[in-house]
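Read through the structure below, which is laid out as structure tokens, and then see the notes.
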Amino acid sequence: MIDKVLLIPGFCEPPLFLWPLKLALQRHCDDVQLWPDRLIFRDLEESVARLQRTLQEHQSGGAIALVTHSFGDWVARRAITASRSHQVSSLVSIAPVMQAGLVPDLLHHATGDVIPEVAVMGDPVRANCDADVDASVRRLVIWASMDLYVRPVEIDEHPNATVHHLIGSHLTVAMQPNSLRLISQFLFPASDIR
């Protein structure tokens with residue numbers, strides 16, 4: 001039973017961008033939090049370590065669900081993999097960074113490795129690291145059909161993954177009513193979804 005949901009925003013993404021998702025999930029869970037992190041120039045290892053500590057400190061007896069967007073998914077995957085023990089039962093990956101699209105490629109060529117997030121997105125090996133996560137974690141991956149920021153990759157190796165391709169852009173796919181309904185049904189299947 002999920003008793004906590006953490007929403008993890010992406011690169012240059014204000015947390016308020018995930019507010020519609022927060023409101024939708026609060027219908028099913030009392031503890032839905034926007035996880036605070038820098039918008040840009042993160043200390044990547046510190047971000048991963050902070051999330052890892054948050055996951056390991058969860059002691060309520062219930063499970064945690066992580067809902068990520070874009071680069072937030074990279075941070076979450078790394079934190080789950082680095083955690084010796086965690087209570088994460090579900091991971092929703094909305095337009096996750098696994099392979100860069102046109103915009104990050106252009107940013108990488110223009111700035112090089114100055115911006116840590118862009119350096120990861122510009123490196124295919126680093127961008128796709130920990131893509132399979134923990135096999136015990138249920139996973140929903142949502143790709144946007146008109147995404148200039150990330151390219152979809154196959155997640156066939158993960159036995160608990162469900163993949164959906166929705167019409168939308170990198171930013172709009174996280175707040176569309178059909179996405180909100182899909183995420184709510186995935187995380188809280190027994191709830192009365194409106």
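The values are calculated or read from the model by the stated rules, or taken from the named source; none is laboratory data. Since we're looking at a predicted model, the values are computed, not measured. So basically every Cβ, Gly included, is an ideal-geometry build from the backbone, and we count neighbours across all protein chains shown. The protein model used for the area step is the full one, side chains on, heavy atoms only, and it has no ligands, DNA or RNA in it. Shrake-Rupley method; radii C 1.70, N 1.55, O 1.52, S 1.80 Å.
Only one of (1) touching a residue at least 40 places away in the same chain (Cβ under 8 Å); (2) open to solvent by less than 40 Å² (accessible area, probe 1.4 Å); (3) out of contact with any helix residue (DSSP H, G or I) (no Cβ under 6 Å at 6 or more places or on another chain) fails for Lys22. Which number is that?
(1)
Matching residues to (1) over 23 Å from Pro15 (Cβ atoms); (2) of a type in the set (A, V, I, L, M, F, W, C):
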{"site": "Val75", "(1), (2)": "no, yes"}
{"site": "Ile80", "(1), (2)": "no, yes"}
{"site": "Val88", "(1), (2)": "no, yes"}
{"site": "Leu107", "(1), (2)": "no, yes"}
{"site": "Val120", "(1), (2)": "no, yes"}
{"site": "Pro124", "(1), (2)": "yes, no"}
{"site": "Ala131", "(1), (2)": "yes, yes"}
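Pull out all pairs, ordered by first then second residue, where Cβ-Cβ is under 8 Å, the residues are six or more apart or on different chains, the first lies in region 167-181 and is within 14 Å of Met146 (Cα to Cα), and the second is among the hydroxyl-bearing types (Ser, Thr, Tyr) and open to solvent by less than 30 Å² (accessible area, probe 1.4 Å).
Gly168/Ser179; His170/Ser70; Val173/Ser179
Looking at region 1-19, which of the residues that are more than 19 Å from Ala79 (Cα to Cα) and in contact with a His (Cβ under 8 Å, 6 or more places away or on another chain) is surrounded by the most Cβ atoms within 10 Å (Cβ to Cβ)?
Restricting to residues being more than 19 Å from Ala79 (Cα to Cα) and in contact with a His (Cβ under 8 Å, 6 or more places away or on another chain), the top hit is Leu18.
Take the residues in region 32-49 that are open to solvent by 70 Å² or more (accessible area, probe 1.4 Å) and of a type in the set (D, E, K, R), then tell me which one is nearest to Ala82 (Cα to Cα).
Here the residue is Glu45.
Of all the residues that make up region 155-170, how many are modelled with pLDDT of 90 or more and open to solvent by 80 Å² or more (accessible area, probe 1.4 Å)?
2
Per-residue answers, yes or no, for (1) touching a Leu at 6+ places or on another chain (Cβ under 8 Å); (2) more than 22 Å from Asn178 (Cβ to Cβ); (3) of a type in the set (Gly, Ala, Ser):
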site: Gly10; (1), (2), (3): no, no, yes
site: Ile40; (1), (2), (3): no, yes, no
site: Thr54; (1), (2), (3): yes, yes, no
site: Gly61; (1), (2), (3): no, yes, yes
site: Phe71; (1), (2), (3): no, yes, no
site: Thr81; (1), (2), (3): no, yes, no
site: Pro96; (1), (2), (3): no, no, no
site: Leu107; (1), (2), (3): no, yes, no
site: Asp123; (1), (2), (3): no, yes, no
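Scanning region 15-61 for residues that are assigned to a helix (DSSP H, G or I) and small (Gly, Ala, Ser), which turns out nearest to Ile115 (Cα to Cα)? Working first, answer last.
Keep residues of region 15-61 that are assigned to a helix (DSSP H, G or I), which gives 15-25, 44-57.
Subsequent filtering for residues that are small (Gly, Ala, Ser) retains 24, 47, 49.
Details: Ala24: 33, Ser47: 15, Ala49: 19 Å.
Within region 15-61, the match that is nearest to Ile115 (Cα to Cα) is Ser47.
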